[in-house]
Amino acid sequence: MFLKPDYNLKSIYEVDFDELERIGIHAILLDLDSTIMASKSGVYTDETYSWLKNASDRFFIAVVSNNKNEEYISKVTKISDFPLLFRAGKPGTRLVRAFLDDYNISPKDCVLIGDRPLTDILCGKLLGCKTILVDSITADKESKLVRFVRKLERLSIRK
Ligand SMILES: [Mg+2]
């Protein structure tokens, strides 16, 4: 099915960097909220920091987020030492494509990692990236309602 991600993982920590290199990936595009940061927290955990460091040793990494909140954006910008695209308009591809162009990166060399099929995975597919769907980084702490909505959204990617 079109929205089926190339990989479906529990979290970013399960991403196999060797495998990504083997399939020709040079850049990792990361959704922010719930993918690498607890939603609205504005902080990375130590574990996430070291994952980001390891990833950036081997790949170009960048955040592509639909977030529009100025205060949050400035908080995240201060603690991130890699490129960030906010107000990305996913699943639209125009702004992400222009962002990649600025860094001379071709979408086919990218993997897009996110927690939302209808925004992240769809955007990656439309761009021609590889895609990885992850569970929310705080899945164990989410309310029943949020988990229910996530389940519904995932029904759309069943084969
Ligand atoms: Mg997200």
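Worth pointing out:
- Most fluctuating residue given options 124, 114, 24, as computed from a GNM of the chain linking Cα atoms under 10 Å: 24
- Spacing of the two label points (7 Å from each Cα toward its C-beta) at residue 16 and residue 140, in nm: 2.4 nm
- Rounded to the nearest 20 debye, the dipole magnitude of the chain is 800 debye, with +1 charges on Lys and Arg beta carbons, -1 on Asp and Glu beta carbons, and the Cα centre as origin.
- Extended-chain gain in nm, criterion 0.36 nm per residue less alpha-carbon gap, residue 103 and residue 53: 16.1 nm
- For residue 151, the lysines whose Cα falls under 19 Å of its own Cα, not counting residues fewer than eight places away in the same chain, are 4, 10, 141, 159.
- A straight line joining the Cα centroids of region 1-57 and region 106-159 runs 12 Å.
- Dipole magnitude of region 25-72, debye to nearest 20 (Cβ charges: Lys/Arg +1, Asp/Glu -1, about Cα centre): 120 debye
- Within the full protein context, the accessible area of residue 52 is estimated at about 10 Å² for a probe radius of 1.4 Å.
- Computed from backbone phi with θ = phi - 60° and the Karplus coefficients 6.51, -1.76 and 1.60, the 3J(HN,Hα) list for region 17-26 is 4, 4, 4, 4, 4, 4, 8, x, 7, 10 Hz; x is used for glycine and proline.
- Debye-formula intensities of the chain, expressed as log10 I(q)/I(0) at q = 0.14, 0.17, 0.21 Å⁻¹, are -0.65, -1.00, -1.61 (one equal scatterer per alpha-carbon, no solvent).
The values are calculated or read from the model by the stated rules, or taken from the named source; none is laboratory data. This is a predicted model, so every value here is computed, not measured. Quick reminder, even Gly has a Cβ in these numbers, built from the backbone with ideal geometry, and neighbours come from all protein chains shown. Remember, those area values only see protein heavy atoms, side chains included, never the ligands or the DNA or RNA. Shrake-Rupley method; radii C 1.70, N 1.55, O 1.52, S 1.80 Å.
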